[in-house]
Amino acid sequence: MEWMVIDIETAPAPADCPLWQAHADRKFSAAAYPGAPANYKSAEAVERHRAEWEAGLPAAREEARRATGLDVRFGRVVCVGLAFPWHEEDEAGDPCVGGFRPSEARASVDEASLLAETAAMIRVRASAVRGALGVIGHNVGFDLRFLCARMLHHGIEVPAPLRRWYAAAV
């Protein structure tokens with residue numbers, strides 16, 4: 001069996017993401033006011049509580065958006081580190097990292113392209129070793145769940161080595 005080392009980096013939803021906007025509009029609106037605590041007896045105290053709650057909505061909304069980098073519904077994959085460290089070196093004698101020599105590494109413009117390219121590299125390597133490709137990495141459970149969910153979100157078929165590992169882990 002050959003091993004593949006994988007690590008991803010995620011980022012929160014952009015502030016103008018329509019899916020995030022729809023979610024935030026429901027969760028952080030005046031209509032979502034949970035009500036004053038039961039010990040608030042006077043109408044003035046209840047109204048003051050509601051006004052303070054509503055004043056805090058913009059900050060709460062932004063704080064929640066920043067946390068979406070860990071939520072597969074809204075966050076996005078911005079970087080995938082992929083290495084086959086025990087695989088032979090390329091013709092220049094450099095280790096193969098992510099299917100590219102390190103000098104050829106580049107930034108991907110959009111998540112769908114990055115994920116499609118990642119899936120293709122994994123499929124090629126899995127085919128070369130007849131499917132005997134294991135996955136290792138730091139916090140790889142989160143990484144693979146996030147990666148697979150985002151691939152499915154973009155209509156990209158999840159490569160077999162990721163499906164097998166994920167199915168065995170849950």
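Please find, among ALA38, ALA15, ALA31, the residue that is in a helix (DSSP H, G or I) and open to solvent by 50 Å² or more (accessible area, probe 1.4 Å). Even if it seems obvious, please write down each step before you answer.
On the way: ALA38 fails: in a helix (DSSP H, G or I); ALA15 fails: in a helix (DSSP H, G or I).
On inspection, the qualifying residue turns out to be ALA31.
Which numbered condition trips up GLY81, out of (1) modelled with pLDDT under 90; (2) open to solvent by 80 Å² or more (accessible area, probe 1.4 Å); (3) under 30 Å from VAL135 (Cα atoms)?
Among (1) modelled with pLDDT under 90; (2) open to solvent by 80 Å² or more (accessible area, probe 1.4 Å); (3) under 30 Å from VAL135 (Cα atoms), the lone unmet condition for GLY81 is (2).
Quick one: is GLY131 surrounded by fewer than 16 Cβ atoms within 10 Å (Cβ to Cβ), of a type outside the set (A, V, I, L, M, F, W, C), within 29 Å of LEU70 (Cα to Cα) and modelled with pLDDT of 55 or more?
Details: surrounded by fewer than 16 Cβ atoms within 10 Å (Cβ to Cβ): yes; of a type outside the set (A, V, I, L, M, F, W, C): yes; within 29 Å of LEU70 (Cα to Cα): no; modelled with pLDDT of 55 or more: yes.
No; evaluated as a whole, the condition is false for this residue.
The rows are residues; the columns are (1) assigned to a loop (DSSP other than H, G, I, E, B); (2) at pLDDT 90 or above; (3) surrounded by 12 or more Cβ atoms within 10 Å (Cβ to Cβ); (4) among the β-branched types (Val, Ile, Thr).
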site	(1), (2), (3), (4)
GLY69	no, yes, yes, no
GLY93	yes, no, no, no
VAL109	yes, no, no, yes
GLU117	no, no, yes, no
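The values are calculated or read from the model by the stated rules, or taken from the named source; none is laboratory data. Remember, it's a predicted structure, so these values are computed and weren't measured experimentally. Quick reminder, even Gly has a Cβ in these numbers, built from the backbone with ideal geometry, and neighbours come from all protein chains shown. The protein model used for the area step is the full one, side chains on, heavy atoms only, and it has no ligands, DNA or RNA in it. Shrake-Rupley method; radii C 1.70, N 1.55, O 1.52, S 1.80 Å.
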